[in-house]
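Beneath this line is the structure, given in structure tokens, with notes to follow.
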Amino acid sequence: MPATDQPRTWTITTDTGFSISGHLPPWATDDPSEHQLPVDRLGIALSDINHHQEIHGQTLKLTLLTPDDQGRDDAVPVFFGSIDCDPYATEPDLRIPIFNFHLVDDYRLEALGPDDITELATTFRAHADLLDHHVRPALIQARRDWQLHGTLPRAAAGPHPSER
């Protein structure tokens, strides 16, 4: 069997020569291996092990409020997350791979299992369907009505190119 097919491992060796090893998942981006770790820091090092893989999301242009109440438009990552596993976590649910979903910045849905991801995907599909089949047609109708009866000049109220 080629070496690339072998499971990866991490190893922490203390300054006393004691070693401990564990599985390093193929999807994990960082290797927590350490050498000559002071033995009194072993417990902390083990509790800090986090197998992690980022899942990149989308970017939306959002208006961020500033302290002076002036809006600032920035491209902000949204709908992103990570697969994480903390093998020495005190919470048993975190000792297996889970998905942490970040809506935007610090708003998160954490510790999602496979069924939770299915429910999240179903919710997003329902929301996308709502946008496609209700919100967009309602907006087009509202713009048509506004074009006929609103107070904006005709050029400003005309249909968007995507509505033609």
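The values are calculated or read from the model by the stated rules, or taken from the named source; none is laboratory data. None of these values were measured; they are calculated from a predicted model. Cβ placement follows ideal geometry from the backbone for every residue including glycine, while neighbour counts extend to all protein chains displayed. SASA here: full protein model, heavy atoms, side chains in, ligands and nucleic acids out. Shrake-Rupley method; radii C 1.70, N 1.55, O 1.52, S 1.80 Å.
With respect to (1) exposed (fewer than 13 other Cβ atoms within 10 Å of the Cβ); (2) in contact with a helix residue (DSSP H, G or I) (Cβ under 9 Å, 6 or more places away or on another chain); (3) at positive phi, the lone exception for Gln36 is condition (2). Residues considered: Ala156, Ala121. Of these, the only one that is modelled with pLDDT of 90 or more, under 25 Å from Leu60 (Cβ atoms) and of a type in the set (A, V, I, L, M) is Ala121. In the range 122-140, the residues that are open to solvent by less than 80 Å² (accessible area, probe 1.4 Å) form Cβ pairs under 9 Å with partners that are assigned to a helix (DSSP H, G or I) and at pLDDT below 90, at six or more places apart or across chains, as follows: Ile140/Glu163. Scanning the range 55-67 for residues that are open to solvent by less than 100 Å² (accessible area, probe 1.4 Å) and either closer than 29 Å to Asp84 by Cβ or more than 22 Å from the chain's Cα centre (by Cα) (or both) gives Ile55, Gly57, Thr59, Leu60, Leu62, Leu64, Thr66.
Quick grid of which residues meet (1) without any contact (Cβ under 8 Å) to a residue 40 or more places away in the chain; (2) not basic (Lys, Arg):
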| residue | (1), (2) |
| --- | --- |
| Thr29 | yes, yes |
| Glu34 | yes, yes |
| Leu37 | yes, yes |
| Arg41 | yes, no |
| Ile44 | yes, yes |
| Ser47 | no, yes |
| His56 | yes, yes |
| Thr63 | yes, yes |
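The one condition from (1) farther than 18 Å from Phe124 by Cα; (2) in contact with a Phe, Trp or Tyr (Cβ under 8 Å, 6 or more places away or on another chain); (3) open to solvent by less than 50 Å² (accessible area, probe 1.4 Å) that Val76 does not meet is (2).
Assess whether Ala45 counts as being open to solvent by less than 50 Å² (accessible area, probe 1.4 Å), touching an Asp or Glu at 6+ places or on another chain (Cβ under 9 Å) and among the aliphatic types (A, V, I, L, M). The answer is yes for Ala45.
Elements of the type strands (runs of 3 or more DSSP E) sitting completely within the range 1-87 and holding at least 2 residues that are modelled with pLDDT under 95, under 30 Å from Leu109 (Cα atoms) and of a type in the set (D, E, K, R): these cover 71-85. Out of everything in the range 79-107 that is among the polar types (S, T, N, Q) and surrounded by 13 or more Cβ atoms within 10 Å (Cβ to Cβ), what residue ends up being farthest from Thr118 (Cα to Cα)? Once the filter is applied, the top-ranked residue is Ser82.
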